[in-house]
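Any read-out appearing in this document is the output of simple, stated calculations on the displayed coordinates, not a laboratory observation. None of the values given here were measured: they were computed from a predicted structure. In this analysis, Cβ positions are derived from the backbone assuming ideal geometry, glycine residues included, and neighbour counts consider all displayed protein chains.
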Amino acid sequence: MTFDSVYVWVSLKAALRCLHVTLLLSIVSLVLGMVLGTPLALCRKFRVRFAAQAADVLIPVLKGIPLVLYVLILNFAILKPLDALAESCAWADKLRLMDKIYIGLAALSAYSAVIVSETMRSALNSVPEGQYEACFSVGLTRGQALRRVIMPQALAFAVPVLCNNFIGLIKGSSIVYVIEILDVLGGAMASAQVSYRFLEAYIAAALVYWVLCAGAGRGSKILEKRFAGR
Amino acid sequence: MKSVIQIKGVRKSFGKNEVLKGVSLDVKTGEVVVILGPSGSGKTTLLRCVNFLENADDGELTIGELSVRFRYAGKKDILTVRRRTAMVFQNYNLFSNKTAAENVMEGLVTARKVPAAEARERAERELAKVGLGGKRDAYPSQLSGGQQQRVAIARAVALNPEVILFDEPTSALDPELVGEVLAVMRAVAREGITMVVVTHEMSFAHDIANHVVFMDDGLVVEEGAPKEIFFHPKEERTKQFLDRIQLKYDYSI
Ligand SMILES: Nc1ncnc2c1ncn2[C@@H]1O[C@H](COP(=O)(O)OP(=O)(O)OP(=O)(O)O)[C@@H](O)[C@H]1O
Ligand SMILES: [Mg+2]
């Protein structure tokens, strides 16, 4: 079978029909990652009792686990109990057959929380101690200091790294194909199941991911400019 | 005269290293107290303890009607003390994400709930007084060291604190920028604002001080009027320190 660019086009259309799934997975996991990861970083920075110690132990461990395992483990952990429940309750059966995108979202968000918490930790560490002291010296509380001075500076530092994290999440989200979620990669693959044009499908998917990542990179540059100039 | 701020028996150790060994200080209203002493004698640590940037191990602080033991100071006491004092740091510590005017406004608006318009007005007035009326929209990275320190002084003065603590405000500056900052500090002193100043600028200290405190090795060795300390020191350690600084030979005051 020779390469046929027509099938790239066919697969591209199929992939783009599932674009919203990839976008949903990567954007939601980035946002949730920031919502969960920032407090984690703050707990570690300010040595909040128990939370800081727990995070010190867990985050290095969780960081060492590949994304695909997050997906597989959560898939198992969520579906297995439902299997058992399904025998007695009808609603469990419904849940079991629901869209697996929620499992993908949970897995990617957990992974993202770990990654982003590390980003935010280094961002917080990039703000000199003197900035806190200046805040305190003019009578700000720690919360006010964080809100008004520390976090804005930390965020400016974090923007390019967060954008890299986001690009990692866009590409990483393709891993959900192992639990049969129809995202960009899944959509392209599905179109090839009929035609057996796999190479064309892979290329189509690659093109979409590349454009998405290039777009995110562009966005990063614009955001960095907005935060710079001071 | 009334005391603005009184410190009694401050002790502070870093690990085994006892840096303050029971320091007491009494600052009267409108007075300029200059703290002298060799490097490592605990001057910075003392100022930082007053502002609770460092937690003293023991001692007592009285500011106005508020009296607190350092060890038992609660969050509210700490905030109260910080809102009645201001600090000018050796390396300026301007908020790098804020313009000069915003730097001055921050403590007014966020900590003291002054309306933004009024705060802006006060910020512009204070910046003009330190000769930086035209720089209100500049970010710290766009200012020279001397200009940054002048903004920091404006930030402190705008808060209308009962006392301003200065920790070697000119020692991070290039020599040619020292003068402009000292001039601003002289003006602040003339306004009658109570100041505690750590400095190595001897002639400046002599000009500006009402009261001089000499510290060494975590203790106040000697204190008194500038004339006394500079020209008739009683303690051997004070003499040695002043000789090293060469005040008597360099300046014929
Ligand atoms: N955060 C800290 N941790 C440990 N030791 C410290 C800390 N801060 C200060 N010290 C020690 O406390 C002692 C006094 O320091 P301090 O900065 O108060 O001296 P100083 O009189 O201000 O000196 P200089 O004139 O050099 O500024 C020094 O021996 C210093 O090493
Ligand atoms: Mg010092």
> How far apart, in nm, are two points set 7 Å out from the Cα along the Cα-to-Cβ line at A:HIS20 and at B:ARG244?
Replying inline: 7.5 nm
> Give or take rounding to whole Å, what are the principal axis extents of the alpha carbon atoms in region A:101-230, in descending order?
Replying inline: 70, 31, 16
> Leaving out same-chain residues fewer than 8 places away, which lysines sit with a Cα under 17 Å from that of B:LYS76?
Replying inline: B:LYS113
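Counting alpha carbon pairs within less than 8 Å and at least 6 residues apart, what relative contact order, in whole percent, applies to region A:28-167?
On the way: 137 pairs, mean separation 48.7, N = 140.
Here the relative contact order equals 35 percent.
What number, in nm² with one decimal, is the all-direction average of the projected area of the convex hull of the alpha-carbon atoms of region A:27-71? Intermediate results must be reported in sequence, preceding the final value.
Values: hull surface 13.7 nm².
It is 3.4 nm².
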> For B:PHE14 and A:TRP91, what is the calculated FRET efficiency with R₀ set at 56 Å and r taken between the beta-carbons, to the nearest 0.05?
Replying inline: 0.35
>> Placing +1 on the Cβ of each Lys and Arg and -1 on the Cβ of each Asp and Glu in region B:23-159, which of B:LEU25, B:ALA123, B:ALA154 has its Cα farthest towards the positive end of the resulting dipole?
In response: B:ALA123
> Taking the Cβ-Cβ separation of B:ASP217 and B:TYR72 as r and a Förster radius of 25 Å, what is the calculated FRET efficiency to the nearest 0.05?
Replying inline: 0.40
> R0 = 22 Å: FRET efficiency of A:ILE65 with A:ALA214, Cβ-based, nearest 0.05?
Replying inline: 0.15
>> Could you work out the percent of alpha carbon pairs in chain B separated by over 23 Å, rounded to a whole number?
In response: 51 percent
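For the protein assembly as shown, go through all pairs of different Cα atoms, get the mean of 1/r, take its inverse, and jot down that Kirkwood value in Å.
Numbers: mean 1/r = 0.0375 Å⁻¹.
Computed over the protein assembly as shown, the radius equals 26.7 Å.
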>> Order these by the 10 Å Cβ neighbour count, fewest first: B:ARG125, A:ARG44.
In response: B:ARG125, A:ARG44
> What are the chymotrypsin sites (Phe, Trp or Tyr not before Pro) within region A:156-230 that DSSP puts in a loop, where the Cβ has at most 12 other Cβ atoms within 10 Å?
Replying inline: A:TYR196
> Based on the Cα gyration tensor of region A:1-136, what are the three equivalent ellipsoid semi-axes, each the root of five times an eigenvalue, rounded to whole Å and given largest first?
Replying inline: 37, 25, 13
> Under a plain spin-label model, where a point goes 7 Å from the Cα along Cα-to-Cβ, how far apart in nm are A:LYS221 and A:VAL6?
Replying inline: 3.8 nm
> Which of the peptides A:28-41, A:75-88 is most tightly packed, and how do the rest follow, judged by the mean count of other Cβ atoms within 10 Å per residue?
Replying inline: A:28-41, A:75-88
> In Å, what Rg and Dmax follow from the Cα atoms of region B:104-178?
Replying inline: 12.6, 39
>> Counting only other chains, and only Cβ atoms inside 10 Å, what mean value do you get across the residues of B:88-99?
In response: 5
>> To make sure I understand the rule: partners must be lysines, Cα under 22 Å from the Cα of B:LYS21, and not fewer than 8 residues away in the same chain. Which ones qualify?
In response: B:LYS8, B:LYS12, B:LYS43, B:LYS234, B:LYS239
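Remind me, what semi-axes does chain A give for its equivalent ellipsoid, largest first in whole Å, using sqrt of 5 times each Cα gyration tensor eigenvalue?
On the way: eigenvalues 299, 126, 31 Å².
So the three semi-axes of chain A are 39, 25, 12 Å.
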>> Run the paramagnetic zone check for A:LEU72: 7 angstrom along Cα to Cβ, then residues of region A:176-216 with backbone nitrogen under 17 Å.
In response: A:176-181
